[in-house]
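Chemist: Take this structure first; my questions come after.
Values quoted throughout were computed directly from the atomic coordinates according to the rules given, and no laboratory measurement underlies them. Because the structure is a prediction, the values reported are computed rather than measured. Cβ coordinates were reconstructed from backbone atoms using ideal geometry, including for glycine residues, and neighbour counts include every protein chain displayed.
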Amino acid sequence: MAKTQIYLVSPLEVGGAFPDLLAAALDAGPVAAFQFRVKGLDDHACATLAEPLQRLCADHDTAFIVNDSVSLAKRLAADGVHLGQQDGSVKDAREELGKEAQIGVTCHDSRHMAMEAGEQGADYVAFGAFFPSSTKDTTHQPDLELLSFWSQIFEIPCVAIGGITPANCAPLVTAGADFLATSHAVWGQGNAAGVAAAVKAFHEAITTAPRG
């Protein structure tokens, strides 16, 4: 079974020195995907912020995924979009973005939502929050058995999300998570050296945890 990979989710503030933090994270080890997640800005402002980040991701062979907005993903020619349950259908996103786009869907703690997303053609499903998160309110908390169930029965990759750190991620790897989504555990370090160290710590935890 393939090794669990890292899926970075941006903080809400991605201007200023953030490109330097992203560069440090990507330089620290392979990162499968980076999700561009900003709120309250129009597409033009988002595109301006996204440009240097998207270029860094391309240089590191990291997928650049836009959170929530199919229109922004299309404007940026992003690698894909991540849809919440209120962000429209996989079918409509596929029609807008094309067959090569990576489309992920938040499925909280629901097998049913995940199976529906898979039937609609999602490329991955995301379960969480597995731990209390400082990034967003935690209203759904799946158990590890959901990851085991999904990885044993379905070929569509699953992402574990919510409060994940190098210290608590091993059980998620063992249960079968294909990707670990993380945000504050990396960006909260606040400087390039700390960010790089956090990414390296994730890789060490993933490597030493038995894979389910």
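Chemist: For residues that are surrounded by fewer than 17 Cβ atoms within 10 Å (Cβ to Cβ), in contact with a Leu (Cβ under 8 Å, 6 or more places away or on another chain) and assigned to a loop (DSSP other than H, G, I, E, B), tally how many sit in region 29-59.
Modeler: 2
Chemist: For region 147-165, how many residues meet the condition of being part of a helix (DSSP H, G or I), farther than 24 Å from His184 by Cα and in contact with a helix residue (DSSP H, G or I) (Cβ under 8 Å, 6 or more places away or on another chain)?
Modeler: Selection size over region 147-165: 4.
Chemist: If I ask for residues that are of a type in the set (Phe, Trp, Tyr) and over 17 Å from Val125 (Cα atoms), which ones from region 1-35 would you list?
Modeler: Passing the criteria: only Phe18.
Chemist: If Ala122 satisfies every condition in (1) within 18 Å of the chain's Cα centre (by Cα); (2) in a helix (DSSP H, G or I) but one, which is the exception?
Modeler: (2)
Chemist: Right, something else. Quick check on this structure: which one of Val195, Val173, Val199 is surrounded by 15 or more Cβ atoms within 10 Å (Cβ to Cβ), in contact with a Pro (Cβ under 8 Å, 6 or more places away or on another chain), assigned to a helix (DSSP H, G or I) and touching a residue at least 40 places away in the same chain (Cβ under 8 Å)?
Modeler: Val173 is the lone residue from the list that is surrounded by 15 or more Cβ atoms within 10 Å (Cβ to Cβ), in contact with a Pro (Cβ under 8 Å, 6 or more places away or on another chain), assigned to a helix (DSSP H, G or I) and touching a residue at least 40 places away in the same chain (Cβ under 8 Å).
Chemist: Name the residues in region 176-192 that are crowded, with 16+ Cβ neighbours inside 10 Å, touching a residue at least 24 places away in the same chain (Cβ under 8 Å) and assigned to a loop (DSSP other than H, G, I, E, B), would you?
Modeler: Gly176, Ala177, Asp178, Ser183 - these are the residues of region 176-192 that are crowded, with 16+ Cβ neighbours inside 10 Å, touching a residue at least 24 places away in the same chain (Cβ under 8 Å) and assigned to a loop (DSSP other than H, G, I, E, B).
Chemist: Could you check region 2-28 and list, in sequence order, the residues that are part of a helix (DSSP H, G or I) and among the aliphatic types (A, V, I, L, M)?
Modeler: Scanning region 2-28 gives Leu21, Leu22, Ala23, Ala24, Ala25, Leu26.
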